[in-house]
1. Going by the conditions given, is T146 among the β-branched types (V, I, T) and buried (at least 19 other Cβ atoms within 10 Å of the Cβ)?
2. Does any residue in segment 103-123 that is under 15 Å from T33 (Cα atoms) come within less than 8 Å, Cβ to Cβ, of a residue that is among the polar types (S, T, N, Q) and surrounded by 11 or more Cβ atoms within 10 Å (Cβ to Cβ) six or more places away or on a different chain, and which pairs are these?
3. Return the total of residues in segment 122-180 being part of a loop (DSSP other than H, G, I, E, B) and out of contact with any Phe, Trp or Tyr (no Cβ under 9 Å at 6 or more places or on another chain).
4. Output yes when any residue across segment 89-111 is among the small types (G, A, S), more than 17 Å from the chain's Cα centre (by Cα) and surrounded by 14 or more Cβ atoms within 10 Å (Cβ to Cβ), and no when none is.
5. Tell me which residues, restricted to segment 157-177, are within 16 Å of the chain's Cα centre (by Cα) and surrounded by fewer than 18 Cβ atoms within 10 Å (Cβ to Cβ).
6. Looking at (1) over 21 Å from G130 (Cα atoms); (2) buried (at least 19 other Cβ atoms within 10 Å of the Cβ), find the lone condition where P47 falls short.
7. Could you go through segment 67-82 and let me know if any residue there is among the basic types (K, R) and either in contact with a strand residue (DSSP E or B) (Cβ under 7 Å, 6 or more places away or on another chain) or exposed (fewer than 15 other Cβ atoms within 10 Å of the Cβ) (or both).
8. Which residues, taken from segment 1-16, are more than 20 Å from A65 (Cα to Cα) and either modelled with pLDDT of 80 or more or surrounded by fewer than 12 Cβ atoms within 10 Å (Cβ to Cβ) (or both)?
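The values are calculated or read from the model by the stated rules, or taken from the named source; none is laboratory data. As the structure is a computational prediction, the values presented were derived from the model and not from experiment. Every residue, glycine among them, receives a Cβ derived from its backbone with ideal geometry; neighbour counts consider all protein chains shown.
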Amino acid sequence: MIDTLPPADMTLDELRAALIPLLPQEAAFDGWTDAALESAGRALGVPEDRARLAFPGGAVEMIDAWFGAVDLAMVAALPPERIAAMKIRDRIRATVLARLEAVGPYREALRGALAVLALPANAAHGVRLGWRAADRMWRLAGDTATDLNHYTKRATLAALYGATLLAWLDDDSEDWAETRGFLDRRIDGVMRIERVKARFRSHPERRFSPVRLLGRLRYPAV
């Protein structure tokens, strides 16, 4: 096990894995900075310069690694047999809540991480991380779409998850009741849209057709 190795014997990959769980608790006080990374290194018994070598990309790389750990926590919280027993709506709800549980103790660290990713220089990376989270949630939920639906589902879920995170950051209700209600309303809205789309897919004549539109413009109904 990595956590049983003396820090001096760890490879950089092993050191990164050992530092990741310590980073958000340090970032809650020092932000996603070298100071937080050095504090995590000291807690692990690693010299400051070696700790910095583990994340040469700085704040964005540390946040990326933490969000990757959140992905793993989500998967661990929702084993296949549990997911299989759920309806698709409940699967999506469960994945979002599992991620909130994973970041729950580190609200200030998450607030700081989102602020870092909102900076213009980091915005593209922030979008990629949001897409990655949505993709992993959908895959865990059992989605196998490879057509346009693959992209629309992930774009929709990324927006839903991002909005839910922002609601959660300001939620002081017991057991995050306000966030849970917000999430349920958002999912209900998405499901209504999906039902409408399904009706159009099942009736090809209802789909928008540029050719049909042009034909009607040229030969209007009498």
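1. Working: among the β-branched types (V, I, T): yes; buried (at least 19 other Cβ atoms within 10 Å of the Cβ): no.
Against the criterion (among the β-branched types (V, I, T) and buried (at least 19 other Cβ atoms within 10 Å of the Cβ)), T146 does not qualify.
2. A109/Q25; V116/N122
3. Just the residues of segment 122-180 that are part of a loop (DSSP other than H, G, I, E, B), to begin with: 141-147, 170-173.
Those still in the list that are out of contact with any Phe, Trp or Tyr (no Cβ under 9 Å at 6 or more places or on another chain) too: 141-144, 146-147, 170, 172-173.
So the answer is 9.
4. The answer is no, given that none of the residues of segment 89-111 is among the small types (G, A, S), more than 17 Å from the chain's Cα centre (by Cα) and surrounded by 14 or more Cβ atoms within 10 Å (Cβ to Cβ).
5. A159, G162, A163, L166, A167, L169
6. P47 satisfies every listed condition except (2).
7. yes
8. T4, P6, A8, D9 - these are the residues of segment 1-16 that are more than 20 Å from A65 (Cα to Cα) and either modelled with pLDDT of 80 or more or surrounded by fewer than 12 Cβ atoms within 10 Å (Cβ to Cβ) (or both).
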